[in-house]
Each structure stands twice: as structure tokens, then as C-alpha cells.
Amino acid sequence: MADNNHRVLPAAQLQRLLDALRVKGYRIVAPTPRDGSVVWETIQSVSDLPIGWRDHQAPARYRLEQTGSHEVFGVVHGPQSLKPFVFAPREPLLQIERSQDGFASRPTIPQPEKVAVIGARACDLAGLAIQDRIFLKDAYRDPYYAARREGLFVIAVNCTRALATCFCASMETGPRAKSGFDLALTEVDDQFLIEAGSIAGLEVLSGLSLSPASEPLIAEAATRIDACAKSQVRRLDQVGLPSTLYDAHEHPRWDTVAGRCLACTNCTMVCPTCFCHAIEETPDLSHQQTTHIRVWDSCFTQEHGYIHGKNIRPTIKDRYRMWLTHKLASWMDQFGTSGCVGCGRCITWCPVGIDLTEELSALLTPSTQPSATSRQHESAGG
């Protein structure tokens, strides 16, 4: 029996999908091997995809291996999520010019571009949904984000293989893409199972005139995705959050992790949901015009903690504690969801291998040892 909601595309015909997207005016972006990892690049053909490559990730470790297989999406992910496509790392917001009467400002809203991203994972979709919640909902819609989001077409790939750093199953964000995609692919040997998740995706899928998928193929894909979820060796227990993490504010573990953390900002740069930013003014040499620019920033930098001439987070301990508490506790209070999607990138790309799941587990374990802050307070007679 066939399933009318799923279609099957032979792997040898994957170029047909890329050609169909290009006919509709999309620039196609996919993961491509470069400089020892995979990064998003504009591609022209299937041969540009990471065929035969696999990634191996562990705390502070990322390695690519060429297996010689015909597997197209064996690489789970690199350091980039979908965030750069909508929340640009650096973008001008305003052009400000002097005039005889004072000055005039002009917003620099980007022109929407049709971009099709193939190879996004379920955790990336969950991260994009959080970014949408931040930048598009409520009263303050960000027009710069909205312009980029409008032209984004997302082709997800369901995971049938987990990395040692993945914990999306415990966050209920993967490994299967449940929403937020236009098309979703599951690679099963030499075939792709395809499902449409939007009207735009259905239009592309209908144009390919593919055969309905058989029940055995759908069952095999589901079995592989479930096995991927069960194989994950890390998990993040959300029971009791956020209150128990708030209660751990003076836990001595903060001193331990602060002694390892370099405040390098890697974790926030690779995170699909972190949205801290700063503003720069870039005047021209005549001082008649300046550009108001938004750039990615991190709560791990000293400058980010300055408010009215005072640094409210002067130490690495302060910054790490704020980041983790916001990510896993106060984010829930703000947005109704965790700020972590279980992708594990912060574990892989931390130079010293700090593991968020390990830190949370330690912090939620009651300790009888006073923190360094408490000991200093006691020695001072406080």
C-alpha cells in the first residue's frame, strides 16, 4: 500500500529537486566540506553536497571522515545553524546623513531573496522557531529579520544517525522534523522519502511528479529515526526547571566551570538561539554620513555587561551563570520554551569541552560545600 502524504525520490535523481527549486528562482544553499568542517555554501549540483562524508563530534573535538559511500547527508551538522540566514551576523540598520536642518535617517531594509536551504536538521528548525518567536511575534516585529525570513525555503533532513554530543531527543526537538519545514527528506539507502510541510513545499513536490511511498519504506524510515533517538548518550533533564536552577545561584559548581571557561564566546556564536547583539556607528571620513550597524555579540564579553558605566557581570562566573540560567530557566519565563534545542554545538565547539548537560546535572545536585563567593562573604564577617 502507498502513502499519499509521502513521495519517494531515487537518490540518483536528487538533481531534479535542485533544478525545480532553481526554476522557481531560489538560490540553493547546502552543507559543503571546507577547512575541516561543513559550512553553508551556494551550490549548483548534487556533486557539491558532502557525499560520503561523516562527522565525528565530541567535547572540543570535530573531525570529518570520507567513507567512500554514496550517502548524501551523512554529516549531521557543522558550526552553523539556520540563524545566519535570518539574523545576519553583521547588517546595516540605518544610514544617517547630515543636512542643513540637522540630520536625516534612512532605514536599510534588505531586499527579500529567495534562498532554499537543503540539509537543515530538526534541531535547526527548533532554533529557527525560537528566533521567529523573538523577532516576529508580539508588538516589536523586526523588519530586517522579517525580510530575510520571507524568502527562506527550508528543506530538512531527518536524522538517522546521532552524534555523541546530540541530545535533541530529551529536548523533544528531534531527530524527526515535526514542523517548520517546507520539505523534509529521510535518506534510506539509495532513496529519499519526501514530505511537504507547507504550501510552497507542496507546490515543489507536486511539480516533481513522484511516486507515492510504500508503507514498508515509510516504516523503515521511522525505524531508523527512532533508533537515532534511542542511541543518544546525552540528555538534558528539564524536570523542575526553572525553579531548581534559580535555587542553584550560589552553587559551588559555578566556580568550577568558571575556572575552565575562556569566555571565548564560541558557545553563543554556534548556538541556534542566542540573539545578543551590539550596535556600531561607522562614520565616513567626511563625518557627513554614518551607518548604524547591528552585529552579533555575546553575553560572555566584558563589554556586553556594561550598563551606565558599570559592569554588572564583571567575572566569567557571573557571565556563565547568567548565560546558562537564561538559556535553561528564565528563557522559559520569557518565551514559554527552553532556549536550548539539544544540537550539542556548544559542547563540540567549546575549546575546553565544557558540557552543558554535565553542568546542569551538577548544578541540580544539592551541595553541602559553600561557594567561593559565600566563603569570601563569611571571611569578611558578612
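So that you can scan it fast, the table gives a plain yes or no per residue for (1) surrounded by fewer than 22 Cβ atoms within 10 Å (Cβ to Cβ); (2) small (Gly, Ala, Ser); (3) in contact with a Phe, Trp or Tyr (Cβ under 9 Å, 6 or more places away or on another chain):
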| site | (1), (2), (3) |
| --- | --- |
| 154 | no, no, yes |
| 163 | no, no, no |
| 171 | yes, no, no |
| 177 | no, yes, no |
| 181 | no, no, no |
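What do you reckon, is residue 130 more than 30 Å from residue 9 (Cα to Cα), touching a residue at least 60 places away in the same chain (Cβ under 8 Å) and crowded, with 16+ Cβ neighbours inside 10 Å? Here the answer is yes, as residue 130 does meet what is asked. The conditions of being of a type outside the set (Val, Ile, Thr), within 25 Å of residue 340 (Cβ to Cβ), in contact with a Gly (Cβ under 8 Å, 6 or more places away or on another chain) and assigned to a loop (DSSP other than H, G, I, E, B) are not met by residue 235. Listed by position, the strands (runs of 3 or more DSSP E) enclosed by the stretch 1-51 that each have at least 1 residues that are among the basic types (Lys, Arg) and under 14 Å from residue 118 (Cβ atoms) are 27-34.
Taking the listed residues 61, 98, the one that is of a type in the set (D, E, K, R) and not assigned by TED's automatic domain parsing to the domain that holds residue 11 is 98, with no other qualifying.
Residue-by-condition table, conditions (1) closer than 19 Å to residue 32 by Cα; (2) in contact with a strand residue (DSSP E or B) (Cβ under 6 Å, 6 or more places away or on another chain):
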residue	(1), (2)
84	yes, no
87	no, no
92	no, yes
95	no, yes
101	no, no
108	no, yes
114	no, no
118	yes, yes
121	yes, no
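Answer yes if at least one residue in the stretch 219-233 is surrounded by fewer than 17 Cβ atoms within 10 Å (Cβ to Cβ) and closer than 28 Å to residue 87 by Cβ, and no otherwise. No - not one qualifying residue is present in the stretch 219-233. Give me the residue from the stretch 56-102 that is in a strand (DSSP E or B) and among the charged types (D, E, K, R) and, out of that set, surrounded by the most Cβ atoms within 10 Å (Cβ to Cβ). Once the filter is applied, the top-ranked residue is 91.
With the condition kept exactly as written, say whether any residue in the stretch 264-283 is over 23 Å from residue 90 (Cα atoms), among the small types (Gly, Ala, Ser), in the same structural domain as residue 358 (by TED's automatic domain parsing) and out of contact with any helix residue (DSSP H, G or I) (no Cβ under 6 Å at 6 or more places or on another chain). There is no residue in the stretch 264-283 that is over 23 Å from residue 90 (Cα atoms), among the small types (Gly, Ala, Ser), in the same structural domain as residue 358 (by TED's automatic domain parsing) and out of contact with any helix residue (DSSP H, G or I) (no Cβ under 6 Å at 6 or more places or on another chain). Among the residues in the stretch 16-26, are any at pLDDT below 95 and surrounded by fewer than 16 Cβ atoms within 10 Å (Cβ to Cβ)? No: zero hits. Of all residue pairs spaced 6 or more apart or on separate chains, those with beta-carbon atoms under 6 Å, a first member in the stretch 173-188 that is of a type in the set (Phe, Trp, Tyr) and modelled with pLDDT of 95 or more and a second member that is part of a strand (DSSP E or B) and surrounded by 24 or more Cβ atoms within 10 Å (Cβ to Cβ) are 181/154; 181/156.
The values are calculated or read from the model by the stated rules, or taken from the named source; none is laboratory data. Because the structure is predicted, anything quoted here is derived from the model rather than measured. Ideal geometry is used to build each Cβ from the backbone, glycine not excepted, and the neighbour counts take in all protein chains shown.
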